[in-house]
Amino acid sequence: MNLEDKVCLVTGGTRGIGAAAAIVLAEQGADVAIVGRHLDAEAEATQALIIQTGRRCVLISADMSRQDDAARCVDETVAALGGLDVLIHSAGGPAPGGFMDVSPEVWYSAFDTHVHAVFYLARAAVPFIRERGEGSIILISSAAGLRGCLGASAYGVVKGALIHFTRVLARELADSNIRVNCVAPGIIRTRFHDSMTPEAKQHNLANRIPLHREGTSEDVADAILMLVKNDFITGETITIDGGMTMRIV
């Protein structure tokens, strides 16, 4: 897909991986709508970086766990930017607690934010993307969805669900020339991992990640861009984790 003059909607696009993806899409010539729950100074700074590329950018405040907010994001994007070609769902958050400890509220909230949001968003977005004759949807999973994650059972389950959701959507939307792919980041240098102790970080670098470094939001954004642009990839999950999930010793 040539991104010149295309329209992209990025949930969780005000910071972290979502922001990096939104910026790289704009650098490729796309207009971008970025969605955040709170439109603070960081969101405005991301918008400014996108506008500096010469492309249009709109900020949308919404809670992706709410069906009406998800549909409104799509409607506002189309109204402001004239259509929709690419949907990237990067909104999310932690869901702490092992299986026997996690509260039902955290469990249900994780599904609302990570899985149900895709159901709402895709239902609203697909008719508009279909009108364009081609399109791309990218979901953000996690290495935790591939291998599990001690102390965060709900997070691992919902991220695993997104990987299979990718395959289901890809198969159903292929006849409409809409490709659906997924990225599964490992330990990425974002606010999500701010609570990790220095000792834990050092352990990860020395023992868990073969490349011995944390990833960056830009590392993930580069993979997202490749999946958006390559017209012959669909139903795939790309792992961006420095080799962590393939390590057995």
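A few comments on the model shown:
- Pairs linking a residue in segment 61-82 that is among the acidic types (Asp, Glu) to a residue that is in a helix (DSSP H, G or I), with Cβ atoms under 8 Å and 6 or more positions apart or on different chains, are 63/69; 75/124.
- Flag for residue 98 being over 23 Å from residue 130 (Cβ atoms) and in contact (Cβ under 8 Å) with a residue 60 or more places away in the chain: no
- Residues located in segment 176-212, provided they are at pLDDT below 75, over 16 Å from residue 242 (Cα atoms) and either more than 19 Å from the chain's Cα centre (by Cα) or in a loop (DSSP other than H, G, I, E, B) (or both): 194, 195, 196, 197, 198, 199, 200
- Looking only at segment 64-110, and only at residues there that are at pLDDT 95 or above and in a loop (DSSP other than H, G, I, E, B), the one that is nearest to residue 217 (Cα to Cα): 90
- Criterion: within 18 Å of residue 5 (Cβ to Cβ) and not β-branched (Val, Ile, Thr) - qualifying residue of 117, 70, 80, 45: 80
- Qualifying residue in segment 127-134 (condition: touching a Ser or Thr at 6+ places or on another chain (Cβ under 7 Å), assigned to a helix (DSSP H, G or I) and touching a residue at least 40 places away in the same chain (Cβ under 8 Å)): yes
- Of residues in segment 213-249 being among the charged types (D, E, K, R) and at pLDDT below 90, the one farthest from residue 174 (Cα to Cα): 213
- Selection within segment 133-153 - buried (at least 24 other Cβ atoms within 10 Å of the Cβ), in contact with a Phe, Trp or Tyr (Cβ under 8 Å, 6 or more places away or on another chain) and among the hydrophobic types (A, V, I, L, M, F, W, C): 139
The values are calculated or read from the model by the stated rules, or taken from the named source; none is laboratory data. In this text, all values refer to a predicted model and were calculated from it rather than measured experimentally. Every residue, glycine among them, receives a Cβ derived from its backbone with ideal geometry; neighbour counts consider all protein chains shown.
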